[in-house]
Amino acid sequence: MVADWRSDEFYEQRREELASRVGPRRFAHSLGVAETAAKLARRYGADERAARVAGLLHDWDKGYDDPGILARADELGMELTDELAAMPRVLHGLTAAVALGRQFPELPPEVLTAVERHTLGEVDMGDLDMILYIADALEPGRKGKKVEKLRARVDELELRELFLEVYAYWVQLIMERRHPVYSRTTEIWNSYMPEQEVYHAEANPDPIPYGRP
(Lines give C-alpha, C1' and ligand atoms only; values in the text may rest on other atoms or scores of the structure.)
Protein backbone atom coordinates (compact mmCIF):
# COMPACT_ATOMS: atom_id res chain seq x y z
CA MET A 1 0.00 0.00 0.00
CA VAL A 2 1.36 3.42 -1.01
CA ALA A 3 1.71 5.83 1.91
CA ASP A 4 -0.20 9.10 1.94
CA TRP A 5 2.45 11.80 1.57
CA ARG A 6 -0.03 14.38 2.86
CA SER A 7 -0.53 12.61 6.17
CA ASP A 8 0.95 13.77 9.46
CA GLU A 9 2.38 10.27 9.85
CA PHE A 10 4.41 10.58 6.63
CA TYR A 11 5.72 14.00 7.69
CA GLU A 12 6.74 12.84 11.16
CA GLN A 13 8.47 9.73 9.82
CA ARG A 14 10.49 11.79 7.35
CA ARG A 15 11.23 14.30 10.11
CA GLU A 16 12.71 11.54 12.27
CA GLU A 17 14.74 10.20 9.35
CA LEU A 18 16.05 13.65 8.51
CA ALA A 19 17.24 14.16 12.09
CA SER A 20 19.53 11.16 11.64
CA ARG A 21 20.78 12.28 8.21
CA VAL A 22 21.95 15.82 8.95
CA GLY A 23 23.45 17.73 11.86
CA PRO A 24 21.41 19.67 14.44
CA ARG A 25 21.84 23.06 12.74
CA ARG A 26 20.83 21.72 9.33
CA PHE A 27 17.89 19.92 10.90
CA ALA A 28 16.70 23.13 12.58
CA HIS A 29 17.14 24.95 9.26
CA SER A 30 15.01 22.36 7.47
CA LEU A 31 12.22 22.69 10.01
CA GLY A 32 12.39 26.46 9.61
CA VAL A 33 12.19 26.18 5.84
CA ALA A 34 9.22 23.81 6.11
CA GLU A 35 7.22 26.22 8.26
CA THR A 36 8.25 29.28 6.23
CA ALA A 37 7.30 27.53 2.98
CA ALA A 38 3.89 26.66 4.43
CA LYS A 39 3.30 30.29 5.42
CA LEU A 40 4.37 31.51 1.98
CA ALA A 41 2.06 28.98 0.33
CA ARG A 42 -0.81 30.32 2.44
CA ARG A 43 0.13 33.88 1.47
CA TYR A 44 0.38 33.17 -2.25
CA GLY A 45 -2.44 30.66 -2.65
CA ALA A 46 -0.30 27.55 -3.22
CA ASP A 47 -0.55 24.02 -1.79
CA GLU A 48 0.43 24.46 1.85
CA ARG A 49 1.02 20.76 2.56
CA ALA A 50 3.19 20.33 -0.53
CA ALA A 51 5.23 23.38 0.46
CA ARG A 52 5.74 22.09 4.00
CA VAL A 53 6.86 18.65 2.82
CA ALA A 54 9.18 20.13 0.18
CA GLY A 55 10.68 22.41 2.84
CA LEU A 56 11.32 19.51 5.17
CA LEU A 57 12.95 17.40 2.46
CA HIS A 58 14.90 20.03 0.51
CA ASP A 59 18.23 19.33 2.28
CA TRP A 60 17.73 15.56 2.47
CA ASP A 61 21.22 14.99 1.01
CA LYS A 62 22.97 17.94 2.65
CA GLY A 63 24.77 15.64 5.09
CA TYR A 64 27.22 14.54 2.41
CA ASP A 65 30.61 16.23 2.06
CA ASP A 66 31.98 17.10 -1.39
CA PRO A 67 33.42 13.66 -2.24
CA GLY A 68 30.35 12.03 -0.71
CA ILE A 69 27.83 13.96 -2.80
CA LEU A 70 29.74 13.14 -5.98
CA ALA A 71 29.68 9.47 -4.99
CA ARG A 72 25.97 9.82 -4.25
CA ALA A 73 25.32 11.17 -7.75
CA ASP A 74 27.29 8.29 -9.22
CA GLU A 75 25.37 5.80 -7.07
CA LEU A 76 22.11 7.23 -8.39
CA GLY A 77 23.33 6.92 -11.99
CA MET A 78 23.30 10.67 -12.58
CA GLU A 79 25.38 12.09 -15.41
CA LEU A 80 26.83 15.41 -14.31
CA THR A 81 28.31 18.06 -16.55
CA ASP A 82 31.93 18.95 -15.85
CA GLU A 83 30.71 22.27 -14.44
CA LEU A 84 28.33 20.70 -11.94
CA ALA A 85 30.89 18.07 -10.94
CA ALA A 86 33.18 20.98 -10.05
CA MET A 87 30.43 22.57 -7.91
CA PRO A 88 29.52 19.71 -5.52
CA ARG A 89 27.91 21.97 -2.93
CA VAL A 90 24.96 22.70 -5.22
CA LEU A 91 24.28 19.04 -6.02
CA HIS A 92 22.31 18.05 -2.93
CA GLY A 93 19.03 19.30 -4.39
CA LEU A 94 19.53 17.35 -7.60
CA THR A 95 20.52 14.12 -5.88
CA ALA A 96 17.78 14.43 -3.26
CA ALA A 97 15.08 14.81 -5.91
CA VAL A 98 16.20 11.58 -7.60
CA ALA A 99 16.69 9.64 -4.36
CA LEU A 100 13.41 10.77 -2.80
CA GLY A 101 11.49 9.97 -5.96
CA ARG A 102 12.77 6.41 -5.88
CA GLN A 103 12.39 5.86 -2.15
CA PHE A 104 8.98 7.53 -1.87
CA PRO A 105 7.19 7.17 -5.22
CA GLU A 106 4.07 8.64 -3.63
CA LEU A 107 5.67 12.08 -3.60
CA PRO A 108 4.19 14.22 -6.40
CA PRO A 109 6.43 15.56 -9.19
CA GLU A 110 5.96 19.17 -8.09
CA VAL A 111 7.50 18.46 -4.67
CA LEU A 112 10.49 16.69 -6.22
CA THR A 113 10.96 19.45 -8.77
CA ALA A 114 10.95 22.10 -6.06
CA VAL A 115 13.60 20.16 -4.14
CA GLU A 116 15.69 19.80 -7.31
CA ARG A 117 15.55 23.52 -8.14
CA HIS A 118 16.11 25.06 -4.73
CA THR A 119 19.84 25.63 -5.22
CA LEU A 120 20.32 26.74 -8.83
CA GLY A 121 16.85 27.82 -9.87
CA GLU A 122 15.51 27.33 -13.39
CA VAL A 123 13.96 29.28 -16.25
CA ASP A 124 10.42 28.00 -15.72
CA MET A 125 10.02 28.00 -11.95
CA GLY A 126 6.50 27.18 -10.80
CA ASP A 127 4.86 28.66 -7.71
CA LEU A 128 6.02 25.84 -5.43
CA ASP A 129 9.57 26.07 -6.84
CA MET A 130 9.68 29.78 -6.06
CA ILE A 131 8.17 29.33 -2.62
CA LEU A 132 10.79 26.78 -1.58
CA TYR A 133 13.60 28.88 -3.06
CA ILE A 134 12.42 31.90 -1.07
CA ALA A 135 11.78 29.94 2.13
CA ASP A 136 15.33 28.58 2.04
CA ALA A 137 16.61 32.16 2.20
CA LEU A 138 14.09 33.65 4.63
CA GLU A 139 13.55 30.98 7.29
CA PRO A 140 14.00 32.31 10.85
CA GLY A 141 17.52 30.94 11.26
CA ARG A 142 18.90 33.17 8.49
CA LYS A 143 20.35 36.40 9.82
CA GLY A 144 21.40 39.69 8.30
CA LYS A 145 20.02 43.11 7.35
CA LYS A 146 19.33 42.11 3.75
CA VAL A 147 17.42 39.02 4.85
CA GLU A 148 15.33 41.14 7.21
CA LYS A 149 14.52 43.55 4.39
CA LEU A 150 13.47 40.67 2.15
CA ARG A 151 11.25 39.23 4.89
CA ALA A 152 9.55 42.61 5.22
CA ARG A 153 8.68 42.55 1.52
CA VAL A 154 6.65 39.34 1.65
CA ASP A 155 3.44 41.30 2.17
CA GLU A 156 4.38 43.87 -0.47
CA LEU A 157 5.45 41.84 -3.49
CA GLU A 158 3.87 39.30 -5.76
CA LEU A 159 5.51 35.87 -5.71
CA ARG A 160 7.49 36.30 -8.92
CA GLU A 161 8.91 39.64 -7.81
CA LEU A 162 9.88 38.30 -4.39
CA PHE A 163 11.59 35.35 -6.07
CA LEU A 164 13.64 37.72 -8.23
CA GLU A 165 14.64 39.77 -5.18
CA VAL A 166 15.84 36.60 -3.44
CA TYR A 167 17.55 35.26 -6.56
CA ALA A 168 19.46 38.54 -6.96
CA TYR A 169 20.43 38.41 -3.28
CA TRP A 170 21.90 34.91 -3.60
CA VAL A 171 23.84 35.78 -6.77
CA GLN A 172 25.30 38.87 -5.10
CA LEU A 173 26.22 36.84 -2.02
CA ILE A 174 27.94 34.19 -4.15
CA MET A 175 30.03 36.87 -5.85
CA GLU A 176 30.89 38.59 -2.56
CA ARG A 177 32.13 35.27 -1.21
CA ARG A 178 34.19 34.66 -4.36
CA HIS A 179 32.40 31.41 -5.18
CA PRO A 180 31.93 30.16 -8.75
CA VAL A 181 28.75 31.40 -10.44
CA TYR A 182 26.67 28.85 -12.33
CA SER A 183 27.02 29.49 -16.06
CA ARG A 184 23.23 29.51 -16.64
CA THR A 185 22.59 32.23 -14.05
CA THR A 186 22.26 34.97 -16.67
CA GLU A 187 19.95 32.81 -18.79
CA ILE A 188 17.75 32.11 -15.78
CA TRP A 189 17.64 35.78 -14.75
CA ASN A 190 16.91 37.04 -18.25
CA SER A 191 14.06 34.57 -18.70
CA TYR A 192 12.09 36.49 -16.05
CA MET A 193 12.80 39.93 -17.47
CA PRO A 194 10.10 41.70 -19.52
CA GLU A 195 10.68 41.94 -23.24
CA GLN A 196 12.52 45.16 -23.96
CA GLU A 197 11.07 47.69 -26.34
CA VAL A 198 13.20 48.31 -29.40
CA TYR A 199 14.83 51.72 -29.23
CA HIS A 200 14.79 53.71 -32.46
CA ALA A 201 16.91 56.85 -32.44
CA GLU A 202 15.45 60.02 -33.87
CA ALA A 203 17.49 62.41 -35.96
CA ASN A 204 19.66 64.38 -33.53
CA PRO A 205 17.18 63.94 -30.63
CA ASP A 206 19.51 65.27 -27.94
CA PRO A 207 22.26 67.35 -29.54
CA ILE A 208 25.39 67.86 -27.51
CA PRO A 209 26.50 71.51 -27.73
CA TYR A 210 30.05 72.12 -28.85
CA GLY A 211 32.15 74.51 -26.82
CA ARG A 212 30.75 76.87 -24.25
CA PRO A 213 27.80 79.20 -24.77
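The values are calculated or read from the model by the stated rules, or taken from the named source; none is laboratory data. Just so you know, these numbers come straight off a predicted model, no measurement behind them. Here the Cβ is made from the backbone with ideal geometry for all residues, glycine too, and neighbour counts use every protein chain on show. Accessible surface areas use protein heavy atoms only, side chains included; no ligands, DNA or RNA. Shrake-Rupley method; radii C 1.70, N 1.55, O 1.52, S 1.80 Å.
The table for this structure:
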{"item": "With Cα atoms, 0 to 90° folded angle of helix 8-21 axis to the chain main axis", "result": "80 degrees"}
{"item": "Three-way shape label, the range 95-157, alpha-carbon gyration tensor, a/c 1.5", "result": "prolate"}
{"item": "C-alpha long axis of helix 92-103 to longest principal axis of the chain, angle in °", "result": "40 degrees"}
{"item": "Percentage relative contact order, the chain, counting C-alpha pairs under 8 Å, at least six apart", "result": "19 percent"}
{"item": "Linear extension gain, E75 paired with E161, 0.36 nm per residue minus alpha-carbon span", "result": "27.2 nm"}
{"item": "Separation in nanometres of the label points that stand 7 Å from Cα toward Cβ, at Q13 and R178", "result": "4.8 nm"}
{"item": "Pairwise label distance in nanometres, E187 with R43, each label 7 Å out on the Cα-Cβ vector", "result": "3.1 nm"}
{"item": "Percent carbon-and-sulfur accessible area, the chain, ignoring ligands, DNA and RNA, probe 1.4 Å", "result": "51 percent"}
{"item": "Sparse-neighbour loop sites [trypsin sites (Lys or Arg not before Pro); the range 88-193; at most 10 other C-beta within 10 Å; DSSP]", "result": "K143, R177, R178"}
{"item": "Where trypsin sites (Lys or Arg not before Pro) fall in DSSP loop in the range 11-55, at most 16 other Cβ within 10 Å", "result": "none"}
{"item": "For the range 134-150, Karplus couplings with θ = phi - 60° (6.51, -1.76, 1.60), whole Hz, Gly/Pro x", "result": "5, 4, 4, 8, 10, 4, x, x, 6, 10, x, 4, 5, 4, 5, 5, 5"}
{"item": "Estimated vicinal HN-Hα couplings, Hz - the range 155-162 in sequence order (Karplus 6.51, -1.76, 1.60; Gly, Pro = x)", "result": "7, 9, 10, 6, 4, 4, 5, 5"}
{"item": "Separation between Cα centres of the range 149-166 and the range 17-87, rounded to whole Å", "result": "22 Å"}
{"item": "Sequence of H118, H200 when ordered by accessible area, the most exposed leading, probe 1.4 angstrom", "result": "H200, H118"}
{"item": "Accessible area per residue in Å² at 1.4 Å probe, computed on the range 1-67", "result": "52 Å²"}
{"item": "Between 0 and 90°, nearest 10: helix 48-57 axis offset from the chain longest Cα axis", "result": "80 degrees"}
{"item": "Cα gyration tensor shape of the chain, rounded if a/c is under 1.5, else prolate or oblate by comparing a/b with b/c", "result": "prolate"}
{"item": "Spacing of the two label points (7 Å from each Cα toward its C-beta) at A168 and R102, in nm", "result": "4.0 nm"}
